[in-house]
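Let me begin by presenting the structure, written as structure tokens, before commenting on it.
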There are 4 protein chains.
Amino acid sequence: MTDASTRNGARPVVLLTGFEPFAGEALNPSGEIVRVLDGEDVAGHRIVGAILPVSFSAAPSRMDALVAAHDPALVLALGQAGGRSGLSLERVAINLIDARIADNEGARPIDATVVTGGPGAYFTTLPVKAIELRLRALGVPVAASLSAGSFVCNQVFYALAHRLAGSPVRGGFIHVPWLPEQAAVHAGEPCMSLEAMVAGVRAAIACALAVERDAAIPGGAIH
Amino acid sequence: MTDASTRNGARPVVLLTGFEPFAGEALNPSGEIVRVLDGEDVAGHRIVGAILPVSFSAAPSRMDALVAAHDPALVLALGQAGGRSGLSLERVAINLIDARIADNEGARPIDATVVTGGPGAYFTTLPVKAIELRLRALGVPVAASLSAGSFVCNQVFYALAHRLAGSPVRGGFIHVPWLPEQAAVHAGEPCMSLEAMVAGVRAAIACALAVERDAAIPGGAIH
Amino acid sequence: MTDASTRNGARPVVLLTGFEPFAGEALNPSGEIVRVLDGEDVAGHRIVGAILPVSFSAAPSRMDALVAAHDPALVLALGQAGGRSGLSLERVAINLIDARIADNEGARPIDATVVTGGPGAYFTTLPVKAIELRLRALGVPVAASLSAGSFVCNQVFYALAHRLAGSPVRGGFIHVPWLPEQAAVHAGEPCMSLEAMVAGVRAAIACALAVERDAAIPGGAIH
Amino acid sequence: MTDASTRNGARPVVLLTGFEPFAGEALNPSGEIVRVLDGEDVAGHRIVGAILPVSFSAAPSRMDALVAAHDPALVLALGQAGGRSGLSLERVAINLIDARIADNEGARPIDATVVTGGPGAYFTTLPVKAIELRLRALGVPVAASLSAGSFVCNQVFYALAHRLAGSPVRGGFIHVPWLPEQAAVHAGEPCMSLEAMVAGVRAAIACALAVERDAAIPGGAIH
């Protein structure tokens, strides 16, 4: 018996997505991380990287096509969260699109749903607390987060969770800070080196592949 | 034809709840606001105020009993969000309890649901964008928020939304900042005067009673 | 024997200055506080209020003229610090002007001195720690600060300290937050009610008149 | 004619100091940077690194001894500023010691002077605006700062400036953020990689050696 992701004797796949630059930035750290890790082997799995457009109309279907094409054992989507200080392990994808700025095609939907009739939210199926402990032990700044916003990142996270719902395939989303060269133009804003982000994402993938049941430690937020 | 909340010729009711103090504080601004507004008339409705316990085991059933007893036309729950700078109009209640600190009975549940089998999240049915515009025009600091946390505030918000789901009765949650006397012991932390909070909550109630359809302006968060 | 400020049998004067609006704001909380307190009696002293222009060329000479005209027993200058959360008791005035934005006359000096040949800095002669304790006890958010910036506020503070140097007359500067109606247009930014600011400034004046020697408690900043 | 720092035909020296760990931390990024750069050649100058104790009684005399021993052409002192997001180019050293926490010997002086009878403040003699532009161009997060606090960092900065006053030798202070492994235990706090900090400090030294007159661009702070 083989699970789908190992058919044909190939190594199972981890699908890792990032985004193209947006909001006037020259690069997007999530895409840079994907470029570094694409093709790498983690715990017997091959990472397949892909860059998604920052486009409400195109990003979810592109994610869908990637999942269909690669039949991954795990899907991790990354996105940029300028101004945050560490890797943000997103726990909740909400069925809401509300665009404070336009996407890269000029679309700016207001109070729309990601999936008509879908549940209000999906929760990540990654073991976020185990990942948090692991990254902290590695010295990578990290925190869990209860909101991935209402822009394209949240849309892709929700669409992915909707597709994977009911399947055994785990999926989740990590927001990453600005790179130093981006933060330099936003005086006083936090950043992380690409090396530290790559180390954190690699460890998060390894942890998600290894840990069946998340750590039972308190978390969340008071408000 | 009368709607339930006006039966017996009485004025329809707005149920307004706050919380008792927690986390070592001597008071809770949400409870203080309720004390001021209890019994007041807003747009032909009578405000019925109630103080909820900061208790995972008792708070939702207390809210249920209040809704059953008063048959309100509108329910607005308030809670304290120490460190925030203005009134936070919460848009999303999630089906997650994860307690970073113990409640007032010493309970500290981890990664539990609010309602077993309930949807991942409910959205507020208040016209948050109209309220935001209204309060801003009044000079009351305000912002919409995509996360009410995972403590008792979020639990009560979710439980309320779950109960009201499918009914025409609107319900929502507003987080409020510390009072000046609380912020004074947290040097450098923001606060609001009780008067400004009361003015903001009163205006939010009036707006929720008057505005049928929310304003179609962009909002949300990029991440 | 009468000290100068009581000559002619008049009550001694506390000179209290604020600023006119700047940076596109419609009002300046420091000026509003002065309007409320002007003429009030505090501990046997009469408050004389004055509004200074936000002008590098005019503000210091205006302060000089006010001190010469009123021969005050105490001088307290106020200024707006948008984004701060409480009253900021400034401890240090530096001999530097570096204008990130233009003043109200369009001037934007770079790396100039306030007083040619003056010392690098003057320290406040107000008992800031005693004031901090007093305001905290009153429930007014307050913190001491080691930098008043390098704009007109710092210039006036330095010019005042330079003039009072060697005299027994105490002088100092307090930065105040935005008013609620200002913060409302800067979503998520902190503010204080005018009433709380007035109460805090009144108490600071009373404390400065009553306390000879500042409280010997640790303060300052690690960095 | 040779200037003192090139006597005996040796390369002129840049004295670079950092601090030992304090406040319960296992390491201090300023010391780690010094370890990496010690002995390196920058623009024909040899970097001499030294680690100072976090001690009010010992640090200034140690700095004095280092300057006497090495007769440097430039002195750059580094210190840790946990919670800041980039390199902080300190512009002002004040004649004030006020210790919010104890130093590594348990001393906690209150409202003392660094040098009795010294001026209120010294300004850095580094070309901070040129350095800021240079580091930004390199993609290193950086900002100028008007306060170095009132702890041992400010004391050493003031003592150094006092010693160098009137001499042609330039001296200054840069505060650096936490390392990723430190920030990981302070959830959500910013950090920088050691590599980025080293690159920034190296470039700051090169810039201070090359730039005679600072860039005339606006800076400073409104408050």
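Whole percent per 10 Å bin, from 0 to the bin with the longest distance: what is P(r) over all C-alpha pairs of the protein assembly as shown?
2, 11, 19, 22, 20, 15, 7, 2, 1, 0, 0
Let me check against my output: what whole-number percent is the relative contact order of the stretch C:1-106, with C-alpha pairs under 8 Å and at least 6 apart?
Values: 146 pairs, mean separation 36.4, N = 106.
RCO, the stretch C:1-106: 34 percent.
Using a probe radius of 1.4 Å on heavy atoms only, what accessible surface per residue do you get for chain C? Whole Å² is fine.
Working: 8120 Å² over 223 residues.
Accessible surface, normalised per residue, equals 36 Å².
Project the alpha carbons of the stretch C:1-128 onto their principal axes and report the range along each, largest first, in whole Å.
47, 36, 27
Leaving out ligands, DNA and RNA, and with a 1.4 Å probe, what % of the accessible surface on the protein assembly as shown is carbon or sulfur?
On the way: 17350 of 32400 Å².
After summing per-atom areas, the C and S share lands at 54 percent.
Rounded, prolate or oblate, given the Cα gyration tensor of the stretch C:71-126, with a/c below 1.5 counting as rounded?
On the way: a/c = 1.75, a/b = 1.16, b/c = 1.51.
Oblate is the answer for the stretch C:71-126, as a/c is 1.5 or above yet b/c matches or exceeds a/b.
From the Cα gyration tensor of the stretch A:152-223, with a ≥ b ≥ c the square roots of its eigenvalues, which class applies: rounded if a/c is under 1.5, or else prolate if a/b is larger than b/c, or else oblate? Show your work: numbers first, answer last.
On the way: a/c = 1.84, a/b = 1.67, b/c = 1.10.
Prolate, because a/c is 1.5 or more and a/b exceeds b/c.
Can you list the distances in nanometres, one decimal and ascending, from the C:Gly166 label point to the identical position in each other copy, with the point 7 Å along Cα to Cβ?
So the label point of C:Gly166 gives 2.2, 8.5, 8.8 nm to the other copies.
Could you sort the residues of the stretch B:149-169 by number and keep only those whose accessible area is reduced by 10 Å² or more in the all-protein-chain setting relative to the chain alone, 1.4 Å probe?
Buried-area filter returns B:Gly149, B:Ser150, B:Phe151.
If I stretch the segment between D:Asp71 and D:Arg11 completely, what's the gain in nm (0.36 nm per residue apart, minus their alpha carbon distance), one decimal? Write out the running numbers ahead of the final one.
Working: separation 60, 0.36 × 60 = 21.60 nm, distance 1.14 nm.
Full extension of this stretch gives 20.5 nm more.
Explain nothing, just the number: dipole magnitude of the stretch A:1-120 about its Cα centre with +1 on each Lys and Arg Cβ and -1 on each Asp and Glu Cβ, in debye rounded to the nearest 20.
On the way: 9 positive and 14 negative charges, 31 e Å.
Charge dipole, the stretch A:1-120, about its Cα centre: 160 debye, nearest 20.
Classify the stretch C:98-223 as rounded, prolate or oblate from the Cα gyration tensor: take a ≥ b ≥ c as the square roots of its eigenvalues, call it rounded if a/c is under 1.5, otherwise prolate when a/b beats b/c and oblate if not. Display every interim value, and only then the final one.
Values: a/c = 1.91, a/b = 1.07, b/c = 1.78.
The shape class here is oblate.
Place the label 7 angstrom along Cα→C-beta at A:Ala23 and in each other copy, then list the distances from the first to the rest in nm, shortest first.
Spacings between copies for this position, smallest first, are 2.2, 2.6, 2.8 nm.
Rounded to the nearest 500, what is the 222 nm mean residue ellipticity of chain C from helices alone, with -39500 (n - 2.57) per DSSP H run of 4+ residues and division by all residues? List each step's numbers first, then the result.
On the way: 6 runs with 66 residues, N = 223.
Using -39500 (n - 2.57) per qualifying helix, the result is -9000 deg cm²/dmol.
Placing unit charges on C-beta atoms (Lys and Arg positive, Asp and Glu negative, everything else neutral), compute the dipole magnitude of the stretch A:13-210 about its Cα centre in debye, rounded to 20. Spell out each step's value before the answer.
On the way: 13 positive and 17 negative charges, 113 e Å.
Computed about the Cα centre, the dipole is about 540 debye.
Provide the solvent-accessible area of C:Trp178, counting protein heavy atoms only and rolling a 1.4 Å probe, rounded to the nearest 10 Å².
30 Å²
Toward the positive end of the charge dipole of chain A, about the Cα centre and with charges on Cβ (Lys, Arg +1; Asp, Glu -1), which of A:Ile51, A:Ala112, A:Cys207 goes farthest?
The residue sitting farthest along the positive end of the dipole is A:Cys207.
For the stretch C:156-173, just list the computed ³J(HN,Hα) in residue order, Karplus coefficients 6.51, -1.76 and 1.60, θ = phi - 60°, integers in Hz, with x standing in for Gly and Pro.
In residue order, the calculated couplings are 5, 4, 5, 4, 5, 5, 4, 5, 7, 3, x, 8, x, 7, 7, x, x, 9 Hz.
What is the interface area between chains C and B, defined as buried accessible area summed over both chains with a 1.4 Å probe, reported in Å² to the nearest 100? Walk me through the intermediate numbers first.
Numbers: alone 10240 and 10210 Å², together 19210 Å².
When C and B are taken together, about 1300 Å² of accessible area is lost.
Quick one: dipole size for the protein assembly as shown, taken about the Cα centre, charges +1 on Lys/Arg Cβ and -1 on Asp/Glu Cβ, in debye to the nearest 20.
0 debye
Please identify the GluC sites (Glu not before Pro) of the stretch B:84-163 that satisfy two criteria: DSSP loop assignment and at most 12 other Cβ atoms within 10 Å. Which are they? Show your work: numbers first, answer last.
On the way: sites: B:Glu90, B:Glu105, B:Glu132; in loops: B:Glu105.
Listed in order of number, the matching sites are B:Glu105.
For the stretch D:77-149 and the stretch B:200-220, compute the distance between their C-alpha centroids and round to whole Å.
Here the answer is 47 Å between Cα centres.
I'd like the FRET efficiency for B:Leu133 and D:Asp41, computed as 1/(1 + (r/R0)^6) with the beta carbon distance as r and R0 of 51 Å, rounded to 0.05.
On the way: r = 62 Å, r/R0 = 1.21.
Efficiency for this residue pair is about 0.25.
Report the far tail of the P(r) of chain A, meaning the percent of Cα-Cα pairs longer than 32 Å. Don't skip to the answer; put the middle values down first.
On the way: 3092 of 24753 pairs.
Tail fraction, whole percent: 12.
Could I have the simple spin-label model distance between D:Ser61 and A:Asp64, label points 7 Å from Cα toward Cβ, reported in nm to one decimal?
Placing both labels 7 Å beyond Cα along the Cβ direction yields 7.6 nm.
Counting only C-alpha contacts under 8 Å and six or more residues apart, can you give the relative contact order of chain C as a whole percent?
On the way: 454 pairs, mean separation 56.7, N = 223.
Relative CO of chain C lands at 25 percent.
For C:Ala58, go 7 angstrom from Cα along the Cα-to-Cβ vector, then report the distances to that same point in the other copies in nm, smallest first.
Copy-to-copy label distances for C:Ala58: 5.6, 5.7, 6.2 nm.
The values are calculated or read from the model by the stated rules, or taken from the named source; none is laboratory data. The structure displayed is predicted, hence computed values, not measured ones. We place every Cβ from the backbone using ideal geometry, glycine too, and count neighbours over all the protein chains shown. With ligands, DNA and RNA removed, areas are computed over all heavy atoms of the protein, side chains included. Shrake-Rupley method; radii C 1.70, N 1.55, O 1.52, S 1.80 Å.
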